[in-house]
1. Starting from the Cα of D315, step 7 Å along the direction of its Cβ; do the same at D454; then give the gap between the two resulting points in nm.
2. As I understand it, the value is the acute angle between the Cα axis of helix 386-399 and the longest principal axis of the Cα atoms of the chain; what does it come to in degrees, rounded to 10?
3. For a Förster distance of 35 Å, can you work out the FRET efficiency between the beta-carbons of S372 and W292, rounded to the nearest 0.05?
4. Amide H of G86 versus every other amide H placed in the peptide plane: which residues, excluding those fewer than 5 positions away on the same chain, fall under 5 Å?
5. Using θ = phi - 60° and the Karplus curve 6.51 cos²θ - 1.76 cosθ + 1.60, what whole-Hz ³J(HN,Hα) does each residue of the stretch 204-218 get, with Gly and Pro shown as x?
6. Once fully extended, how much extra length lies between R64 and T275, figured as 0.36 nm per residue of separation less the alpha-carbon to alpha-carbon distance?
7. Considering Cα pairs under 8 angstrom that are at least six residues apart, work out the relative contact order of the chain and quote it in whole percent.
8. Going through the cross-link list K30/K192; K224/K433; K30/K433, which pairs have a Cα-Cα distance over 31 Å in this structure?
Amino acid sequence: MKFSNLKLTTPYLKLAPLFYEKVEPTPLHKPFIISTSQSAATLLGVDEDLALDEVLLAIVNGERKLEGSETFAMCYAGHQFTEFSGRLGDGRVLNLGKVNGQNLQLKGAGLTLYSRLGDGRAVLRSSIREYLMSEAMFGLGIVTSRALALIGSQTDVRREHLEKGAIVLRLSPTWVRFGTFEYLNAYGEHDKLKVLADYVIDESFPYLKGCEDMYLKMYTEIVKNTATTLAKWQSVGFNHGVMNTDNMSIDGRTIDYGPFAFLDDYDPNFVCNETDKQGMYSFSSQPKAARWNLDMLARVLSPILDYELSEEVLDDLYWSTYTKSCSEIMYKKMGLQTKQDEDKELLEALLRALASASIDYTEFFRKLSRFSGDKSEILASCVRRESLDAWLDRYSIRLEKEVLSESERHKKMLAVNPKYVLKNHILQEAIEKAEEHDFGMVNELLKVALAPFDEHPELEHLCKATPMDSKNIKLSCSS
Ligand code: AMP
Ligand code: MG
């Protein structure tokens, strides 16, 4: 299938006009394609090479439309750092419509009714980050929105200094957010809550349609999906940075990549977002922040779903789903196939040892995936060795209870412990090159992002150690 032959539908526009604004994109000046993800394109059934596709460029730049496409911005509200922010909405995103179960969006395509004081634009720097990170999270097996194309331009966009505007074509099976429900509730549109819930069930949970207690079951799915995604974030050391309810997808997928980071040295208190002075969304606070957001969702759903019932679901299922998923993943990362009573304590001891060792989280697990009793290689990467040294002794004894051979264990561990995660210092290097019109590194990063468990010997420079002065740095929200 050719990209230009896609036929879109716009089911969201069947909802009442208060859900969206129909608005035309504002094209960028002198646009050019920087990168395309063939992997994301296959989600649309597109199999042609898009790297030089003029039609794709014209569509992403809003100069041309696919058949059936109508452009619109979605309206939503949100709690930002626990404060209600009122109406937000897509201030710089335009929806194009839907095909093959994927809703297409252009991020950075111009002003909408919801732009408030913003300019409707996204700068190259933040667009590279969102584009690559969407594909990287997919590569890591984490449910996420995807990115199909990144275009650059000669349009000046003012942030702290002048930068260039860019647009990402991103895809998701849903763009409904917790904040979409909050918007309806806050503005007294209680009859529309049911309309939106029915839409969400159609779009994201069709198997619930017509069930008894349909809305409670919908909420249950949202709780379980969110808990599972959070377990995956924690297991790869991902810090999202802006877990406001407007950035929480209704189907639990990761969306809206801003000042995110992967942990360098393992530090549970790490905060990647410079504006998050209290550490509300610090690495270790993420699971409880997600639970807070789910509670907020339950409250705004209360006109159509008894709050006590949804709270019961949240209490019963959130932490239990999270903990189960987290330990399953972490035991796999540790290469433990059999279940032993001591494993929970062994994992807790590992996290304590990692925190005390000041060792890179990703590098540690990759090295552990080749551990055969010789501790020196791992310990050489630690600042403080004692606790990890002792832990490795304990781990060696624990491994004796395993049934797999060492090489089989290594193989399994290498398939779950990534070699490549997109560290900010590497992204920054790619951004600086891209700002000089060299996009080679963006495309190299896309390759490792999509296959992070493979070795890619020719791309080793993309997983080089974080320089001391770039370790666990905070990023600004400017984008
Ligand atoms: P974010 O922090 O990217 O999740 O954005 C929060 C809200 O601000 C959303 O409603 C965005 O659409 C809006 N927003 C962020 N940047 C801009 C911009 N440059 N122009 C218009 N709206 C923006
Ligand atoms: Mg957002």
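Where a number appears in this text, it was derived from the coordinates with a stated rule and is not lab data. Worth saying up front: this structure is predicted, and the values here are computed from it rather than measured. Counting neighbours? That spans all protein chains shown, and the Cβs are built from the backbone with ideal geometry, glycine included.
1. 5.0 nm
2. Between the helix axis and the principal axis of the chain, the angle is about 90 degrees.
3. Computed FRET efficiency for S372 and W292: 0.20.
4. G78
5. 10, 10, x, 5, 8, 4, x, 5, 5, 6, 4, 6, 5, 5, 4
6. On the way: separation 211, 0.36 × 211 = 75.96 nm, distance 3.79 nm.
So the extension gain works out to 72.2 nm.
7. On the way: 913 pairs, mean separation 71.0, N = 479.
That works out to 15 percent.
8. Values: K30/K192 42 Å; K224/K433 41 Å; K30/K433 19 Å.
Where the Cα-Cα span goes over 31 Å, the pairs concerned are K30/K192; K224/K433.
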